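A short worksheet on the structure shown next.
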Amino acid sequence: MGKKEEQDKENSEEFVDKLITAVPGGWKFNKEVAKNFDSHVKKSVPIYNEVQEMVVEMSEWFIRDGSKVYDIGCSTGKTISLLSEKHKTKKKVEFIGIESSLSMLKQAKKNCDKKNVNFLHQDVGKMAEFTEADFVTSLYTLQFLTIQDRKKVLQRIFDSLAEGGALIITEKIRAENSAFEDMWLELYWDFKKKEGFTTEQIIQKAKSLRGVLVPLTLTENLDLLRDVGFTTIDTFAKWYNFAGIVALKSGAKASCVASQKKISKKNIKTEKEEGHE
């Protein structure tokens, strides 16, 4: 491709970063995004490194010898890598990263090549049941799923957590009130400009995420967690329109949910038997 052709191509593309292009409503975690994801996300997500550090610090209360740890939507393996390094002296700890994008997964395997770390290529929204875990993270992932899929994923996580286990999620959120929505959005734009994004790139990124990223309010996120069975919940980080939430699986509620499921199954079985008779 000649220099003029390259220039024409560049002028016709919509850049959301110097090395990343996208079309309106067409943001995808493809090879191009995966290759430049780590540098892009640090400039796009406020207190990104601080949140990663907080997740690792909180993990000390839940990861022990023999623990199983999952990162749902692991992208390039940043969180898994930090967690595995933090707990490298513990015995028989298994780390599993689940990611829908094959391009992201390839980067993750390059970034974290350890014997006790495995990566699975799965559709996060249709994630299969997984074995009992002590610690599960899902950072900036659920916001890309439909509300129906989010609830399914959260239910599977709750069901698979060991009693006393923890789930940590971080999300871009909407303000509870429209007055704050305008404030948080403009402050977020200010942040991105400070990170080197042009006004045009900020607009193109917003356009590329139309219908792809659907944030909820903090209250709506908390309600989703309560709906699937979590009762011990706290917000550990908040920056304008971004939030981090930690949810614990408490024994009393877990037992109640399990009993309800058993009763439900028993009723279904009885109804079938009665119908057969």
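The values are calculated or read from the model by the stated rules, or taken from the named source; none is laboratory data. Keep in mind that what you see is a predicted model, and the values were worked out from it rather than measured. Glycine gets a Cβ as well: all are built from the backbone with ideal geometry, and neighbour counts include every protein chain shown. Note: accessible area is taken over every heavy atom of the protein model, side chains too, but ligands, DNA and RNA are not part of it. Shrake-Rupley method; radii C 1.70, N 1.55, O 1.52, S 1.80 Å.
I want to confirm something. Restricting to the range 96-136 and keeping residues that are of a type in the set (Phe, Trp, Tyr) and part of a strand (DSSP E or B), which single residue is nearest to Ser160 (Cα to Cα)? Please lay out each step first, then the result.
Filtering the range 96-136 down to residues of a type in the set (Phe, Trp, Tyr) leaves 119, 130, 135.
Now drop any that are not part of a strand (DSSP E or B), which leaves 119, 135.
On the way: Phe119: 18, Phe135: 10 Å.
Ranking the candidates gives Phe135 first.
Which residues, counting only those in the range 246-260, are surrounded by 11 or more Cβ atoms within 10 Å (Cβ to Cβ), modelled with pLDDT under 95 and not aliphatic (A, V, I, L, M)? Even if it seems obvious, please write down each step before you answer.
Residues of the range 246-260 surrounded by 11 or more Cβ atoms within 10 Å (Cβ to Cβ): 246-250, 253-258, 260.
From what's left, modelled with pLDDT under 95: 250, 253-258, 260.
Across the range 246-260, the qualifying residues are Ser250, Lys253, Ser255, Cys256, Gln260.
Please identify the pairs in which a residue from the range 160-182 that is charged (D, E, K, R) has its Cβ atom under 9 Å from the Cβ atom of a residue that is open to solvent by 80 Å² or more (accessible area, probe 1.4 Å) and assigned to a helix (DSSP H, G or I), counting only partners at least 6 apart or on another chain.
The qualifying pairs are Arg174/Glu220.
Out of (1) in contact with a Gly (Cβ under 9 Å, 6 or more places away or on another chain); (2) open to solvent by less than 20 Å² (accessible area, probe 1.4 Å); (3) at pLDDT 95 or above, what's the single condition that is false for Pro215?
(1)
In this structure, does Ala243 turn out to be assigned to a strand (DSSP E or B), at pLDDT 95 or above, under 18 Å from Leu161 (Cβ atoms) and in contact with a strand residue (DSSP E or B) (Cβ under 7 Å, 6 or more places away or on another chain)? Can you show your working first?
Values: assigned to a strand (DSSP E or B): yes; at pLDDT 95 or above: yes; under 18 Å from Leu161 (Cβ atoms): no; in contact with a strand residue (DSSP E or B) (Cβ under 7 Å, 6 or more places away or on another chain): yes.
No; evaluated as a whole, the condition is false for this residue.
Those residues that are open to solvent by less than 20 Å² (accessible area, probe 1.4 Å), out of contact with any Asp or Glu (no Cβ under 6 Å at 6 or more places or on another chain) and part of a loop (DSSP other than H, G, I, E, B), I need them from the range 162-209; list them, please.
Answer for the range 162-209, where residues must be open to solvent by less than 20 Å² (accessible area, probe 1.4 Å), out of contact with any Asp or Glu (no Cβ under 6 Å at 6 or more places or on another chain) and part of a loop (DSSP other than H, G, I, E, B): just Phe197.
Check the range 57-72 and report whether any residue there is open to solvent by 60 Å² or more (accessible area, probe 1.4 Å) and under 15 Å from Thr170 (Cβ atoms). First the steps, then the outcome.
Our first condition is that a residue be open to solvent by 60 Å² or more (accessible area, probe 1.4 Å); within the range 57-72, this holds for 57, 60-61, 64-65.
Subsequent filtering for residues that are under 15 Å from Thr170 (Cβ atoms) retains 57.
Taking every residue of the range 57-72 in turn, at least one turns out to be open to solvent by 60 Å² or more (accessible area, probe 1.4 Å) and under 15 Å from Thr170 (Cβ atoms).
Quick one: is Phe119 at pLDDT 95 or above, under 22 Å from Trp61 (Cα atoms) and among the aromatic types (Phe, Trp, Tyr)? Can you show your working first?
Working: at pLDDT 95 or above: yes; under 22 Å from Trp61 (Cα atoms): no; among the aromatic types (Phe, Trp, Tyr): yes.
So Phe119 does not fit the description; no.
Yes/no matrix, rows are residues, columns are (1) closer than 27 Å to Gln148 by Cα; (2) not charged (D, E, K, R):
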residue	(1), (2)
Ala179	no, yes
Trp184	yes, yes
Leu187	no, yes
Lys192	no, no
Ile202	no, yes
Ser208	yes, yes
Glu220	yes, no
Asp227	yes, no
